[in-house]
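Contents: one structure, followed by commentary.
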Amino acid sequence: MTVGLPPGDAGTPPHRRSGPVFGYMVEGEPARIIRAGEAFREPGGDVIHYRAGNNLADAWSRFVVVMVGVPGEPMLTLVEEGGLRERRGRRAARAVS
């Protein structure tokens, strides 16, 4: 599918996916600084994806994704604040660019 996030869109709150996601950034650069022409992935399962938004104030971010789900499970599950607090110590440090 193709996903488009308008300028400044906060995107999806913290969530996890039942299976992996593979993406290709077509336009823009989200918080992790994935530039147009670069690819990304989310492993799925128990790994939390904290944000999928657009930090740009004046341009859209657009990406194409292929999502592989586990049969019978929802593709996306939002993670509530309690779950985030329990896992705070497991969160990977974010690289600064």
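The values are calculated or read from the model by the stated rules, or taken from the named source; none is laboratory data. Note that the coordinates shown come from a computational prediction; the quantities given were computed from them, not determined experimentally. Here the Cβ positions follow ideal geometry from the backbone for every residue, glycine too, while neighbour counts run over all protein chains shown. Note: accessible area is taken over every heavy atom of the protein model, side chains too, but ligands, DNA and RNA are not part of it. Shrake-Rupley method; radii C 1.70, N 1.55, O 1.52, S 1.80 Å.
A few remarks follow.
- Rounded to whole Hz, the Karplus (6.51, -1.76, 1.60) HN-Hα couplings of the range 45-56, x for glycine and proline: x, 7, 7, 8, 9, 7, 6, 9, x, 10, 6, 6
- DSSP-loop GluC sites (Glu not before Pro) across the range 37-83, with at most 14 other Cβ within 10 angstrom: Glu38, Glu80
- Per residue solvent-accessible surface (Å²) - the chain, probe of 1.4 Å: 66
- Which label in [x] 0.96; [y] 0.99; [z] 0.94 gives the computed Rg/Rh (Cα atoms, Kirkwood Rh): [x]
- Relative packing of 17-23, 53-59, which averages over residues the other C-beta atoms within 10 Å, highest first: 17-23, 53-59
- Relative contact order (percent, whole number), the chain, Cα cutoff 8 Å, 6+ residue spacing: 39
- Furthest towards positive pole of dipole, Val47, Val66, Gly28, structure part the chain, Cβ charges: Val47
- Packing-based order for 6-14, 60-68, using average beta carbon neighbours within 10 Å, highest first: 60-68, 6-14
- For the chain, the 222 nm mean residue ellipticity estimated from helices alone, with every DSSP H stretch of n ≥ 4 adding -39500 (n - 2.57) and the total spread over all residues, rounds to -1500 deg cm²/dmol.
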